[in-house]
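The values are calculated or read from the model by the stated rules, or taken from the named source; none is laboratory data. Here the structure is a predicted model, which means the values were calculated and not measured. Backbone-built Cβ (ideal geometry, glycine too); neighbour counts: all protein chains shown.
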Amino acid sequence: MRAQLFITLFLLAFGCSGSGKFDHAQIKEMRDELSRVSCSNGRRMNETLDLFGSKGLAVEISEYQEVSNVVAEISGKTQETLIVGAHYDKTDAGCGVIDNWTGVVMLSHLAKELRNRNTEKSYTFVAFGGEERDLQGSKAMAEAIANGAREKPCAMINLDSFGFEKTWALRSISDPSMLDLAADVERGRGGSFSIRNYRGASSDSKSFRRIGVPSITFSGLGDDWRDYIHGEEDVISNIDFDAVAENYDFLREFVLHLDTVPCRSLVGGESD
Ligand SMILES: [Zn+2]
């Protein structure tokens, strides 16, 4: 009886295929959300609305000429704002589960968790449309900031494609001040943070760097990423859920750390 109780407690604490310290119910929920997404680009915006709505988050659609973004605002103790984003659109080829429903699902979980915490900063969670068409959604939002229609944020964190390897950042579209913070966070977790560069790789943080907002793009793809995205292999069966658990755990820690960092200590718009 006692041994059984111990085993049960042990499984509760450390069970679930090797990713011991993670919340397995949450990872299972992510798996379900990834399995449900359709392969139709035309339905992705409504699916994003449903995903955020299912977590009780109030969402708005920001409509621009060519593209729509899905936005959830969460207010914290101060007006200092962080933008956390992930694109919901996909290329015509493949189902876009890895690129980038993984990012959208994690975005919705982060928004839900942060809403339930008494954060220092306020948050704009945004699912961008049109990333695969030359970053349309993020460009439109960055333009609105540049022309004063939107408040300038403290920093921008972009999530693009996870579930293969430990979280890393793409150097060419991230600011050094943000890369340093990511390295600090990973050091605090006992690991070393990897910064990569892939020729031809881009994503939505680029639009915010252009207007001087300190920005970073995180991913969890592998070196063979071209084999898995923008085609038939962009499917749930290629996703490693232990990697998803690590990716999400890192992202949550990074955002919670950034929440405590004064905006004035971040520098943006540095050259590549
Ligand atoms: Zn992408």
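For region 226-249, state whether one or more residues are surrounded by 18 or more Cβ atoms within 10 Å (Cβ to Cβ) and touching a Pro at 6+ places or on another chain (Cβ under 7 Å).
no
From the list Asp249, Asp259, Asp240, Asp224, which one is away from the ligand (no atom under 15 Å from the Cβ) and touching an Asp or Glu at 6+ places or on another chain (Cβ under 6 Å)? Even if it seems obvious, please write down each step before you answer.
On the way: Asp249 fails: touching an Asp or Glu at 6+ places or on another chain (Cβ under 6 Å); Asp240 fails: touching an Asp or Glu at 6+ places or on another chain (Cβ under 6 Å); Asp224 fails: touching an Asp or Glu at 6+ places or on another chain (Cβ under 6 Å).
Sole residue among the options that is away from the ligand (no atom under 15 Å from the Cβ) and touching an Asp or Glu at 6+ places or on another chain (Cβ under 6 Å): Asp259.
Restricting attention to region 228-253, and to residues there that are part of a helix (DSSP H, G or I) and hydroxyl-bearing (Ser, Thr, Tyr), which single residue is modelled with the lowest pLDDT?
Per the stated criteria, the residue is Ser237.
Mind checking which residues of region 57-86 are among the β-branched types (Val, Ile, Thr) and touching a Gly at 6+ places or on another chain (Cβ under 9 Å)? Before the answer, list the steps.
Our first condition is that a residue be among the β-branched types (Val, Ile, Thr); within region 57-86, this holds for 59, 61, 67, 70-71, 74, 78, 81, 83-84.
The answer is Val59, Val67, Val70.
Report, by residue number, each residue of region 203-214 that is part of a loop (DSSP other than H, G, I, E, B) and either touching a strand residue (DSSP E or B) at 6+ places or on another chain (Cβ under 8 Å) or within 16 Å of the ligand (Cβ to nearest atom) (or both). Spell out the reasoning first.
First pass over region 203-214, keeping only residues part of a loop (DSSP other than H, G, I, E, B): 203-204, 210-214.
Hits for region 203-214 are Ser203, Asp204, Val213, Pro214.
Could you pull out the residue among Ser219, Ser237 that is within 19 Å of Lys90 (Cβ to Cβ) and more than 16 Å from the chain's Cα centre (by Cα)?
After ruling out the rest, the residue left standing is Ser237.
For region 173-192, does any single residue satisfy the condition of being within 16 Å of the ligand (Cβ to nearest atom) and hydrophobic (A, V, I, L, M, F, W, C)?
yes
Listed residues Glu165, Glu143, Glu151; which is at pLDDT below 95, away from the ligand (no atom under 15 Å from the Cβ) and among the acidic types (Asp, Glu)? Step through it out loud before you land on a result.
On the way: Glu165 fails: at pLDDT below 95; Glu143 fails: at pLDDT below 95.
Selected residue: Glu151, the only one of Glu165, Glu143, Glu151 that is at pLDDT below 95, away from the ligand (no atom under 15 Å from the Cβ) and among the acidic types (Asp, Glu).
If a residue must be under 16 Å from Gly56 (Cβ atoms), over 9 Å from the mean Cα position of the chain (by Cα) and of a type in the set (S, T, N, Q), how many such residues does region 97-119 contain?
Count: 1.
Failed condition for Asp134, given (1) within 23 Å of Gly231 (Cβ to Cβ); (2) touching a residue at least 24 places away in the same chain (Cβ under 8 Å), with all others met?
Only one criterion in (1) within 23 Å of Gly231 (Cβ to Cβ); (2) touching a residue at least 24 places away in the same chain (Cβ under 8 Å) is unmet by Asp134, namely (2).
Look through region 82-133, keep the residues that are closer than 14 Å to Ser203 by Cβ and of a type in the set (S, T, N, Q), and return whichever of them is nearest to the ligand (Cβ to nearest atom).
Residue satisfying both the conditions and the ranking: Asn100.
Out of region 91-135, which residues are among the small types (Gly, Ala, Ser) and either outside any loop (DSSP other than H, G, I, E, B) or farther than 24 Å from Thr167 by Cβ (or both)?
Result: Ala93, Gly103, Ser108, Ala111, Ser122, Ala127, Gly129, Gly130.
For region 194-233, give me each residue that is hydroxyl-bearing (Ser, Thr, Tyr) and over 27 Å from Asn41 (Cα atoms).
Scanning region 194-233 gives a single hit, Ser194.
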